[in-house]
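See structure below.
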Amino acid sequence: MAKKERIPQYVMSQLNTPMLNYRVYVIPTQKKIMLILGLFMIGGLLGQVFYGNLFLNSDGEMTKASYISNFVVFIIVGLIVKKVAYPMVLDRLKSNREMELTNQFRRFFAAIAVSLSSGMTVPDAVISANNDLRMEYSDDSYIVKEVQEMINGIQNNLSIEVMLKDFGARSEIIDIQNFSEVFAVGYRAGGNLKDIVRKTSDIIGDKIEMSAEIETAIASNKTQFDVMMIVPIVIIILLRTMSSQFAASFSTVAGVFATTVAIGIFVGAYKLGQKIMKITG
């Protein structure tokens with residue numbers, strides 16, 4: 001089986017500058033270790049909730065086998081949860097970054113449209129937009145770094161459409177790619193770039209705003225969904241703590257089987273809920 005090719009965190013731009021590759025989300029090493037340990041611990045504790053204290057004796061007391069099984073369950077379930085949940089966390093972080101970059105880019109092309117409408121040339125409009133963005137965002141923000149790279153490209157005799165296209169390809173965000181394509185066609189054709197950028201800016205801006213409104217509308221439903229996913233676990237913890245007879249039922253063969261089936265249904269419901277809640281642009 002061929003080894004999966006690793007996607008680099010940075011790729012070389014048209015100026016041979018290492019620029020962020022938005023196709024992949026890489027967590028700093030220290031935060032990655034903390035996240036993995038956290039997921040492992042959560043998984044191990046959940047394993048104890050559902051599969052803890054097996055092999056009790058006839059008096060319901062812990063045996064040597066019970067302690068060994070608790071340790072094994074903690075390790076196995078912890079590793080499973082880490083393996084399953086870690087990519088999900090990365091996907092959510094990547095989606096949040098894409099949303100942030102999209103909103104920042106919206107401010108960029110809006111500033112470009114205003115600058116072109118005032119009669120500026122394209123290079124001057126990009127510089128003006130960069131100055132506006134620096135007043136709103138920090139120098140470490142995604143869009144400020146990208147626009148500064150565009151300006152560096154212009155100063156090194158690279159065309160703005162080439163720099164925009166490179167940015168769109170790295171971002172893998174359809175709105176940025178569409179804008180770069182429309183901008184490039186209008187710029188090369190020598191058409192009324194001011195109107196083209198303004199109309200494109202309005203269309204993409206309306207789309208982004210509509211997505212944001214939909215996201216806001218279902219935010220409460222997402223919160224309810226997350227709470228509903230936690231409630232069954234809390235109920236089981238309370239029942240196992242308050243009722244020794246209920247806790248003992250988990251140690252039987254039937255109890256282990258029923259628990260496994262219930263977890264399977266729970267995971268399936270969670271994935272289905274995530275698909276329902278997901279917004280695609």
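Nothing in this text is a laboratory measurement; each read-out follows from the coordinates by a stated rule. These numbers were taken from a predicted model, which means no experiment stands behind them. Glycine also receives a Cβ, built like all others from the backbone with ideal geometry; neighbour counts cover every protein chain displayed.
Worth a mention:
- For the chain, the longest principal axis of the Cα atoms and the long axis of helix 160-171 meet at an angle of about 10 degrees.
- In the frame of its principal axes, segment 218-281 has Cα extents of 50, 22, 7 Å, reported largest first.
- Protection proxy ranking, peptides 78-84, 61-67, 109-115, average beta carbon neighbours within 10 Å, highest first: 109-115, 78-84, 61-67
- Computed over neighbours whose Cβ is under 10 Å from that of SER13, the net charge equals -2, Lys and Arg +1, Asp and Glu -1.
- Listed peptides 40-49, 91-100 by packing density, highest first (mean Cβ within 10 Å): 40-49, 91-100
- For percent of Cα pairs over 23 Å apart, the candidate list reads [x] 53; [y] 59; [z] 65; the entry that matches the value derived from this model is [z].
- In this structure the amide hydrogen of SER13, modeled in the peptide plane, comes within under 5 Å of the amide hydrogens of MET19, none closer than 5 places in sequence on its chain.
- Geometric descriptor of segment 98-206, per residue, is 92 Å³ (volume of the convex hull of the Cα atoms).
- Cβ charges +1 (Lys, Arg) and -1 (Asp, Glu), total dipole of the chain, debye: 880
- Spin-label model, SER138 to ASN152: label points 7 Å out along the Cα-to-beta-carbon direction sit 2.0 nm apart.
- Separation of alpha-carbon centers, segment 165-206 and segment 232-281, rounded to whole Å: 48
- Average Cα contact separation per residue, the chain, under 8 Å, 6 or more apart, as relative contact order %: 17
- In the chain, helical runs assigned H by DSSP with n ≥ 4 each contribute -39500 (n - 2.57); averaged across all residues and rounded to the nearest 500, the mean residue ellipticity at 222 nm is -26500 deg cm²/dmol.
- Note on segment 10-169: Rg/Rh from C-alpha atoms, Kirkwood Rh, equals 1.30.
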